[in-house]
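Heads up: the structure comes next, in structure tokens.
The values are calculated or read from the model by the stated rules, or taken from the named source; none is laboratory data. A quick note: this is a predicted structure, and the numbers were derived from the prediction, not measured. Heads up, the Cβs are rebuilt from the backbone with ideal geometry, glycines too, and the neighbour counts pull from every protein chain shown. Heads up: the accessible areas ignore ligands, DNA and RNA and are worked out on the full protein's heavy atoms, side chains in. Shrake-Rupley method; radii C 1.70, N 1.55, O 1.52, S 1.80 Å.
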Amino acid sequence: MEQTAKNLANVKASLPDHVCLVAVSKTYSPVQIMPAYHAGQRDFGENKVQELTEKAAQMPNDIRWHLIGHLQRNKVKYIAPFVHLIHSVDSFKLLQEIDKRAAQNNRSIPCLLQIHIAEEDTKFGLSFDECEAMIADENFAQLNHVVVRGLMGMATFTDNVAQVKREFQSLKSFFDKLREKFNPRPNWQPETLSMGMSGDYQTALACGSNMVRVGSAIFGERHYH
Ligand SMILES: *Cc1c(COP(=O)(O)O)cnc(C)c1O
């Protein structure tokens, strides 16, 4: 078997059935990504709008594209027609813009709220309090072209497994708390907890993740350009 297909099979074999695998294809070319597609992978994640739209145009259109990186409001319009899930909503203003562009495209866009759980302050995301306040706000209730499907978080980049575990556990507890506090409604359907990457997805799964975003463990070491 070709190496990418082999890696993909290994990663999938290590995931329980209810866990969704997003293959993170950022920095890899369509030629490098297609073996995963041919092996049956359909969920792919990109962290930049331009790279996502370029690949979407060149690749089969049954791919479900996930935007996992920081999203600027002025770029929402480029992905609004087709994006499958936006993992990185970190402000109400961004959510409002997504709602507006979704309406223009006669669709509803599934989103996750990104929560800041890492120690590093370079990572984007809402605090627990900001997130809770956003969902409780009457302005959130007005949005009818977005569906918030859950939360996303990234742990600190460290070898300290205990720390990573603590951070993932804190996000899982917060997710459970929100699910108890806010009943489901059309724009609040919390089912997805996106946490875990190549280096820490096993820890994330143990902490209750049901969506992992895995790149280098499938496509090989990444060369930034
Ligand atoms: C790059 C990236 C990943 C995947 O990282 P790997 O270590 O290659 O698995 C996951 N999530 C986000 C937000 C990323 O930017």
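For the reader, a short list of remarks on this structure follows.
- Within the range 192-211, the set of residues being hydrophobic (A, V, I, L, M, F, W, C), within 13 Å of the ligand (Cβ to nearest atom) and either in contact with a Phe, Trp or Tyr (Cβ under 6 Å, 6 or more places away or on another chain) or open to solvent by 40 Å² or more (accessible area, probe 1.4 Å) (or both) comprises MET195, MET197, ALA204.
- Cβ-Cβ under 6 Å pairs, at least 6 apart or on other chains, the range 1-13 side free of Cβ contacts under 8 Å to residues at least 40 places away in the same chain, far side open to solvent by 30 Å² or more (accessible area, probe 1.4 Å) and outside any helix (DSSP H, G or I): ALA5/ALA39
- For the range 140-169, a residue qualifies if it is in contact with a Ser or Thr (Cβ under 6 Å, 6 or more places away or on another chain), assigned to a strand (DSSP E or B) and open to solvent by 50 Å² or more (accessible area, probe 1.4 Å), and exactly one does: ARG149.
- Qualifying residue in the range 180-190 (condition: surrounded by 15 or more Cβ atoms within 10 Å (Cβ to Cβ), touching a residue at least 40 places away in the same chain (Cβ under 8 Å) and either within 16 Å of the ligand (Cβ to nearest atom) or among the aliphatic types (A, V, I, L, M) (or both)): no
- Here the range 118-143 is the region considered, the condition is being modelled with pLDDT under 95 and of a type in the set (A, V, I, L, M, F, W, C), and the residue that is farthest from GLN72 (Cα to Cα) is ALA118.
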